[in-house]
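See structure below.
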Amino acid sequence: MADISIIVPVYNEAEFILPFYYELKKHVPKDIELIWVDDGSTDSTLAEIEQLAMLDSRIRCISLTRNFGQVAAVSAGIDFALASTVIIMNGNLTNPPSVIPVLLRKLADGYEVVNALPEANHKTSFLVKGLLNFYYRIINKIAPGRNGNDIISFRAFNYKVSDGIRQLKERNLFLENFFSWSGYK
């Protein structure tokens, strides 16, 4: 069994599969399982993953029947993850694999959940930034007590956290909230 499960939800990201895979290989130990979750892609994403899986036995692929959204894809990946450490990240290279060793060191230091905060994106338009700020102001009014860690899509956590997620009976889980209220270190 692998020491680390890396869950990568993807949707219509065929052009990123190989570049992501080769960049990831530079920064992770050999003892991993790479779980791609194809969230109902309509392009050649699934075919790209399947071809890669024939070359690397560490690759597992979950194919959802339609697009259920990133949270459902991540939840499916967690259900199938076998390792004691789980990393969730995007497959379009917006989450740099070079950060993975830092996440693993923090887990080794005793943290149970480690979030990778995104760098400020100077390419994001003023309109998009304004809409996102408006959206999160509304969410914070509806669900006070949330914090910036709720919107992180690049994180690592240990087996206690993944077991906690699996024990939840909620199927329409807003997974990001779990990391705020669950109380893990």
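Looking at LYS26, LYS30 in this structure, which one is of a type in the set (Lys, Arg), at pLDDT 95 or above and exposed (fewer than 14 other Cβ atoms within 10 Å of the Cβ)?
Values: LYS30 fails: at pLDDT 95 or above.
Going through LYS26, LYS30 in turn, just one is of a type in the set (Lys, Arg), at pLDDT 95 or above and exposed (fewer than 14 other Cβ atoms within 10 Å of the Cβ): LYS26.
Which pairs have Cβ atoms under 6 Å, sit 6 or more apart or on different chains, and link a residue in the range 12-29 that is under 11 Å from LEU52 (Cβ atoms) and part of a helix (DSSP H, G or I) to one that is open to solvent by 50 Å² or more (accessible area, probe 1.4 Å) and of a type in the set (A, V, I, L, M, F, W, C)?
PHE20/LEU93
Go through (1) out of contact with any strand residue (DSSP E or B) (no Cβ under 9 Å at 6 or more places or on another chain); (2) at pLDDT 95 or above; (3) among the basic types (Lys, Arg) and name the single condition LYS141 misses.
It is condition (2) that LYS141 fails.
Does the range 69-117 hold any residues that are assigned to a loop (DSSP other than H, G, I, E, B), under 20 Å from PHE20 (Cβ atoms), in contact (Cβ under 8 Å) with a residue 60 or more places away in the chain and open to solvent by less than 40 Å² (accessible area, probe 1.4 Å), and which are they?
Of everything in the range 69-117, those that are assigned to a loop (DSSP other than H, G, I, E, B), under 20 Å from PHE20 (Cβ atoms), in contact (Cβ under 8 Å) with a residue 60 or more places away in the chain and open to solvent by less than 40 Å² (accessible area, probe 1.4 Å) turn out to be ALA81, ALA83, MET89, ASN90, GLY91.
What is the residue count in the range 10-21 for residues that are under 22 Å from ALA81 (Cβ atoms) and open to solvent by 10 Å² or more (accessible area, probe 1.4 Å)? Spell out how you get there, then give the answer.
We begin by selecting, within the range 10-21, every residue under 22 Å from ALA81 (Cβ atoms); these are 10-11, 13, 16-17, 20-21.
From what is left, the residues that are open to solvent by 10 Å² or more (accessible area, probe 1.4 Å) are 11, 13, 16, 21.
Going through the range 10-21 one residue at a time, the tally reaches 4.
Any idea which of ARG146, ARG155, ARG171 is under 27 Å from ASN12 (Cβ atoms), surrounded by 12 or more Cβ atoms within 10 Å (Cβ to Cβ), at pLDDT below 95 and basic (Lys, Arg)?
On the way: ARG146 fails: under 27 Å from ASN12 (Cβ atoms); ARG171 fails: surrounded by 12 or more Cβ atoms within 10 Å (Cβ to Cβ).
Exactly one residue qualifies, and that residue is ARG155.
Looking only at the range 33-68, how many residues end up being assigned to a strand (DSSP E or B), open to solvent by 10 Å² or more (accessible area, probe 1.4 Å) and β-branched (Val, Ile, Thr)?
Summing the residues that are assigned to a strand (DSSP E or B), open to solvent by 10 Å² or more (accessible area, probe 1.4 Å) and β-branched (Val, Ile, Thr) in the range 33-68 gives 2.
The values are calculated or read from the model by the stated rules, or taken from the named source; none is laboratory data. Owing to the predicted nature of the structure, the values given are computational and were not obtained by experimental measurement. Positions of Cβ are generated from backbone atoms using ideal geometry, with glycine treated the same way; all protein chains shown enter the neighbour counts. The accessibility values were calculated without ligands, DNA or RNA, using every heavy atom of the protein model including side chains. Shrake-Rupley method; radii C 1.70, N 1.55, O 1.52, S 1.80 Å.
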